[in-house]
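Chemist: Have a look at this one before I ask anything.
The values are calculated or read from the model by the stated rules, or taken from the named source; none is laboratory data. What you are looking at is a predicted structure, and each value in this text was computed from that prediction instead of being measured. No Cβ is skipped: glycine too gets one built from the backbone with ideal geometry, and neighbour counts run over all protein chains shown. Each accessible area value is taken on the protein alone, full model and side chains, heavy atoms only, with ligands, DNA and RNA left out. Shrake-Rupley method; radii C 1.70, N 1.55, O 1.52, S 1.80 Å.
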Amino acid sequence: MMNKLLFGRFIPGESFVHHLDPRNKLLMSFYYIGIIFLANNWSTYLCLFLFTLLAVYLSSIKMGFFIRGVRPLIWLILFTVLLQVFFTRGGKVFWSWGPIVLSQYGLVNGVYIFMRFVLIIFMSTLLTLTTPPLSLADAIEAILKPLRVVRFPVYEVALMLSIALRFVPTLMDETEKIMNAQRARGVDFGEGNLFQQMRAVVPLLIPLFVSSFNRAEDLAIAMEARGYQGGEGRSKYRILTWHYRDTFVVLAFIALTGILIWLRA
Amino acid sequence: MRENRNYIRYITFLAAFGALAYLSVVFLKIPMIAFLRYEPKDIILTIGGIIFGPIFALILCVVVPFFEMITVSSTGVIGFVMNVIAAVCFVLPPVVAYKKWKRLRSLVIGLVLGIVALTIAMLLWNYVLTPLFFGYPRSTVLKMLVPIILPFNLIKGGLNAVFTLILYKPIVNALLKSNTLNKNDLNVIPNEQRWTSYTVILLIILTIVLLVLSYFKVV
């Protein structure tokens, strides 16, 4: 049961990165994607690369998991890099054939783009590997809190996010049950072409919809019976605390930004 | 809280639909052309919108990509933004059309409009954002748009539209039969129409601003 609760890619651990505040991690991973566009020469990219490697090291998660994060996007990356390499002109020309030119700028740009991709993927992977989805939902609640001024229903959104995240493993179990039930009746899942696969999904989807509706209804009744009255003034089970190490990480990011601005061409 | 009961149910049903759509993304990602993948989540979002109204669908359009971002995707914020825009463009037209006229014909027209909106929006946003993030020169992206991104979005939208049409009736019937829902039961959102039109206007303004900026080479 515990195993299924940890869906997604979260890997439990006790490292420095695991213990950071999820609010901090979420904001900093957004910020990182912002500052990555500051890099435009080899020294800035090297700097970012070392920083990312340090973060990966501090998470004490094996490199393999990060490389696995790159794999689903490898075609996109290769495609982009090849486009860059062959269609950028300038500098020394090494080889050319019709409109395709292998030039110095093209090669350099290709390497930069490749680095940018890999770094962004590593940082997002780091976030999802070290933070359980529920904490991230809590973090979103905390980040959205200022929006209460414009009467944005922050508590309700956060509640909905955590219920949905809790529903996912339950519905996974349910799916498995229904799949087995339909298999016993002779449905083939995961075989044939796209259209056949989608047709096999129909007898799975409808019972799944009905059962999830029933669950939602039951939960609503249970919440009502316990007197749920909106989120105002409710106490919390998971409390987020800001430690010194979080301040330290923010400072490290500020320093990184400074170095990037100083080094960029 | 106004109408406490319906209000709680709105939240739990949102959560159930969000979880379903998320599961569909996790289990049914089918790779199509090179790096672009077909995702069936729009089907579930559209059906949710047909049952519970446009705001329901709009909230899900943001929530499901957020879940994808924090669990399975590795493209971070970039993927999230594109995902939200694609979902909103595809889901809103059929849902609004169905809400207004409650007919199969309006749903079909809405779905066709949805495919068109999805394709146009993805062409424009790819034109603006792809050079920013992947660093292609704009002229290369322009060459890529018609042979790759246009057919992919048409196929994706077309498949989703067909499956929505096949699936929505049995699901709505199952819902009504299982007594979980009576018609016009969950009107918790006041001024639904106004908020929907605000979203559409915001999206259009954002697109125009980004296009103008990219035309003048600011971004």
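Chemist: Could you run the Karplus curve 6.51 cos²θ - 1.76 cosθ + 1.60 with θ = phi - 60° over the range A:73-80 and give me ³J(HN,Hα) per residue in whole Hz, x for Gly and Pro?
Modeler: 9, 4, 5, 4, 5, 4, 4, 4
Chemist: Could you work out which residue, out of A:A225, A:A39, A:A158, moves most in a Gaussian network model of chain A, that is, has the largest mean-square fluctuation with Cα springs under 10 Å?
Modeler: Highest fluctuation of the listed residues: A:A225.
Chemist: Between A:Y105 and B:I120, what is the spin-label point distance in nm, taking each point 7 Å from the Cα along the Cα→C-beta axis?
Modeler: It is 3.5 nm.
Chemist: Take the Cα atoms of the range A:144-264, find their three principal axes, and give me the spread along each one in whole Å, biggest first.
Modeler: Between the extreme Cα coordinates on each principal axis of the range A:144-264 lie 64, 49, 27 Å.
Chemist: Evaluate peptide A:202-209: per residue, the Cβ atoms of other protein chains within 10 Å of its Cβ; return the mean as an integer. List each step's numbers first, then the result.
Modeler: Working: counts 4, 0, 1, 10, 5, 1, 4, 13.
Partner-chain Cβ atoms within 10 Å, mean over residues of A:202-209: 5.
Chemist: Hey, how many Å between the Cα centroid of the range A:191-265 and the Cα centroid of the range A:137-187?
Modeler: One Cα centre to the other: 7 Å.
Chemist: Compute the distance in nm between two label points, each set 7 Å from the Cα along the Cα-to-Cβ direction, one at A:L58 and one at B:L206.
Modeler: Using points 7 Å along Cα→Cβ, the separation is 3.1 nm.
Chemist: Per-residue Cβ counts within 10 Å, from other chains only, averaged over B:156-165: what number is that? It would help to have the intermediate numbers written out before the result.
Modeler: Details: counts 0, 0, 0, 3, 0, 0, 2, 6, 0, 0.
Counting Cβ atoms of other protein chains within 10 Å of each residue's Cβ and averaging gives 1.
Chemist: Report the Stokes-Einstein translational diffusion coefficient (µm² s⁻¹, integer) for the protein assembly as shown, Rh taken as the Kirkwood radius over Cα pairs, at 4 °C with viscosity 1.567 mPa s.
Modeler: Numbers: Rh = 24.2 Å.
Once the numbers are plugged in, D ends up at 54 µm²/s.
Chemist: Separate question: What FRET efficiency comes out for B:V112 versus A:L50 if R0 is 51 angstrom and r is the Cβ-Cβ distance? Round to the nearest 0.05. Before the final figure, lay out the partial values.
Modeler: Details: r = 52 Å, r/R0 = 1.01.
Between B:V112 and A:L50 the formula returns 0.50.
Chemist: Can you run phi through the Karplus equation (6.51, -1.76, 1.60; θ = phi - 60°) for the range A:185-192 and list ³J(HN,Hα) in whole Hz, with x for Gly and Pro?
Modeler: Going residue by residue, I get 8, x, 8, 9, 9, x, 10, x Hz, with x marking Gly and Pro.
Chemist: Taking the highest mean first, how do the peptides B:38-44, B:191-197 order by number of other beta carbon atoms within 10 angstrom per residue?
Modeler: B:38-44, B:191-197
Chemist: Provide the per-residue ³J(HN,Hα) series for the range A:156-167, in order, calculated from phi with Karplus coefficients 6.51, -1.76, 1.60 and θ = phi - 60°, each as a whole number of Hz, with x at glycine and proline positions.
Modeler: Rounded to whole hertz, the list is 5, 4, 5, 4, 4, 4, 6, 5, 4, 5, 6, 5.
Chemist: Carbon and sulfur atoms: what percent of the 1.4 Å accessible area of chain A do they account for?
Modeler: 66 percent
Chemist: Once you average over the residues of A:157-169, how many Cβ atoms of partner chains fall within 10 Å of each Cβ? Let's see the in-between values first.
Modeler: Numbers: counts 5, 0, 5, 11, 7, 1, 7, 16, 7, 2, 9, 9, 2.
Per residue, the average neighbour count from other chains is 6.
Chemist: Relative contact order for chain A using alpha-carbon pairs under 8 Å, separation at least 6, rounded to a whole percent? Intermediate results must be reported in sequence, preceding the final value.
Modeler: Working: 212 pairs, mean separation 73.6, N = 265.
Across chain A, relative contact order equals 28 percent.
Chemist: Using a simple spin-label model with points 7 Å from Cα along the Cα→Cβ vector, what separation in nm is obtained for B:F27 and A:V149?
Modeler: In this crude spin-label approximation the distance works out to 4.4 nm.
Chemist: State in Å² the accessible area per residue of the protein assembly as shown; use a 1.4 Å probe, count heavy atoms of protein chains only, and round to the nearest integer. Kindly include the intermediate steps, with their values, before the conclusion.
Modeler: Details: 23710 Å² over 484 residues.
That works out to 49 Å² for each residue.
Chemist: For B:Y38, which sequence-distant residues (separation of 5 or more, or a different chain) have an amide H within less than 5 Å of its own amide H, given hydrogens modelled in the peptide plane?
Modeler: The list, which skips near neighbours in sequence, is B:I30, B:M32.
Chemist: Do the sum for the protein assembly as shown: with -39,500 (n - 2.57) for every DSSP H run of n ≥ 4, divided by all residues, what is the mean residue ellipticity at 222 nm, to the nearest 500 deg cm²/dmol?
Modeler: Rounded to the nearest 500, it is -24500 deg cm²/dmol.
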